[in-house]
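K.L.:
Let me give you the structure first, and then I'll get to my questions.
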Amino acid sequence: MAAGAVGAAAAVAEVGSARQFEELLRLKAKSLVVVHFWAPWAPQCAQMNDVMAELAKEHPQVSFVKLEAEAVPEVSEKYEISSVPTFLFFKNSQKIDQLDGAHAPELTKKVQRHSSVGAFPPSGTEHPKEDLNLRLKKLIHAAPCMLFMKGTPQEPRCGFSKQMVEILNKHNIQFSSFDIFSDEEVRQGLKTYSNWPTYPQLYVSGELIGGLDIVKELEASEELDTICPKAPKLEERLKVLTNKAAVMLFMKGNKQEAKCGFSKQILEILNSTGVDYETFDILEDEEVRQGLKTFSNWPTYPQLYVKGELVGGLDIVKELKENGELLPTLKGGN
């Protein structure tokens, strides 16, 4: 069976253990490695496996790998994989990018971009400077407060970026971010555009505020709170969200596409009752995802609410169903 699996998956390798995964990253260190964290119960994963097979034919210099997320939990936990499909991109055994969800065009784009970084650009006229400047202008105006950093707020990849995120979060400042490691053209172009040679860089309403030192000075002089937009108080947001519908389910994914086995099971149970309910995808909002755990004193997802009150997770819902109490509990919210 092992030999057949290797033969069938010549284009897309399959990894079954943490040791095998680390060995593969080491052996393929010089090339781009794209890893699909998938699950056999998710139809969107099967579709993306087909996309990977096609991409493998088009990009023979790239190593494509699939790894069953729940079968190799050590690797999934190490890289904080919380939903399927998720794609991680590695170079020199280091994670350089991530894509969550079944987005074939975006996956194709990222493979093309990362496989060409480090090679000579095909043509000096392919991306004229005017186009880049227009792109940079759009990016710095993408949100009222934009942070260009190394990594993401959840996973900063340099000490200065980490400190900047901590300061902004401490002051409850609402900001969006851009990982400059994900786009070399933006990384180099923004230095010239803003005449600022280092990262992180913070912009408010499209205007450069500066780097970490400037932000620290603004914090010390108490000007930071007046310059940057404030996020709404989290507790108020959570109250509104938990009361958005009589029956509210906070899950990984949505009604159409569950992104974890527990969420999939709770959807099936709720759909069998015929009761109307709404869902909120916690993978789309990290603040809600973390905040609701404290707000409800419930550490895992999915979470079901009726009239703003927590009913519980999958185990509680299963118990209520077995005891014949689920329908009355849900209808109490109608």
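The values are calculated or read from the model by the stated rules, or taken from the named source; none is laboratory data. Given the structure is predicted, the values throughout are model-derived calculations rather than measurements. For neighbour counting, all protein chains shown are included, and Cβ atoms are generated from backbone atoms with ideal geometry for every residue, glycine included. For the accessible areas, the whole protein counts, side chains as well, though only heavy atoms, and no ligand, DNA or RNA atoms are used. Shrake-Rupley method; radii C 1.70, N 1.55, O 1.52, S 1.80 Å.
K.L.:
Using 7 Å Cα-to-Cβ label points, what is the residue 185/residue 239 separation (nm, one decimal)?
P.N.:
4.7 nm
K.L.:
Work out the charge dipole of the chain with +1 on the Cβ of Lys and Arg and -1 on the Cβ of Asp and Glu about the Cα centre, then indicate which of 288, 275, 63 is farthest towards its positive end.
P.N.:
Positive-most Cα among the choices belongs to 63.
K.L.:
Give me the one-decimal Kirkwood hydrodynamic radius in Å for the chain, with the sum taken over alpha-carbon pairs.
P.N.:
For the chain, the Kirkwood estimate is 22.5 Å.
K.L.:
May I pose another question? Using label points projected 7 Å from each Cα along Cα→Cβ, tell me how many nm separate residue 192 and residue 92, to one decimal.
P.N.:
Rounded to a tenth, the inter-label distance reads 2.4 nm.
K.L.:
Evaluate 2.2 N^0.38 Å with N set to the residue count of the stretch 131-227, then give the Cα radius of gyration divided by it.
P.N.:
The reported ratio for this selection is 0.99.
K.L.:
Using alpha-carbon positions, what is the distance between the centroids of the stretch 134-163 and the stretch 264-299, in Å?
P.N.:
Using only Cα atoms to place each centre, the spacing works out to 29 Å.
K.L.:
Show me, for the stretch 75-90, the HN-Hα J-couplings you get by feeding each phi into the Karplus relation (A = 6.51, B = -1.76, C = 1.60, θ = phi - 60°), rounded to Hz, glycine and proline as x.
P.N.:
Along the stretch 75-90, the couplings run 6, 4, 6, 4, 9, 6, 6, 10, 7, 10, x, 10, 10, 10, 10, 10 Hz.
K.L.:
Which residue, chosen from 332, 247, 311, occupies the Cα position most advanced towards the positive end of the dipole of the stretch 208-334, where the dipole is computed from +1 (Lys, Arg) and -1 (Asp, Glu) charges on Cβ about the Cα centre?
P.N.:
About the Cα centre, the residue reaching furthest to the positive side is 332.
K.L.:
Taking only protein heavy atoms and a 1.4 Å probe, what accessible area per residue, in Å², does the stretch 46-203 have with all protein chains in place?
P.N.:
Per-residue value: 52 Å².
K.L.:
Let me ask something additional. List every residue whose amide H lies under 5 Å from the amide H of residue 177, counting only residues 5 or more places away in sequence or on a different chain, with H placed 1.01 Å from N in the peptide plane.
P.N.:
Distant-sequence amide H within range of residue 177: 147.
K.L.:
Lys and Arg at +1, Asp and Glu at -1: add these up for the other residues within a Cβ distance under 11 Å of residue 206 and post the number. Write down the numbers at each step before the final one.
P.N.:
Numbers: positive: 137, 138; negative: 207.
Charge balance in the 11 Å sphere: +1.
K.L.:
What is the stretch 182-334's relative contact order, in percent, from Cα pairs under 8 angstrom and six or more apart in sequence?
P.N.:
It rounds to 21 percent for the stretch 182-334.
K.L.:
Could I ask something else about it? Considering the convex hull of the alpha carbon atoms of the stretch 174-303, report its projected area averaged over all viewing directions, in nm², one decimal. Numbers along the way, then the final one.
P.N.:
On the way: hull surface 44.1 nm².
With the hull built on Cα positions only, its mean projection is 11.0 nm².
K.L.:
May I pose another question? What size of dipole, in debye to the nearest 20, comes out for the chain about its Cα centre when the only charges are +1 on Lys and Arg C-beta atoms and -1 on Asp and Glu C-beta atoms?
P.N.:
420 debye
K.L.:
Next question. Please report, in debye to the nearest 20, how large the charge dipole of the stretch 188-271 is about its Cα centre when each Lys and Arg carries +1 at its beta carbon and each Asp and Glu carries -1 there.
P.N.:
700 debye
K.L.:
Considering amide H positions built from the backbone, and no H for Pro or chain starts, which residues 5 or more places from residue 275, or on another chain, come under 5 Å of its amide H?
P.N.:
none
K.L.:
Averaged over every viewing direction, what's the projected area of the C-alpha convex hull for the stretch 232-334? Give it in nm², one decimal, please. Show your work: numbers first, answer last.
P.N.:
On the way: hull surface 23.5 nm².
It is 5.9 nm².
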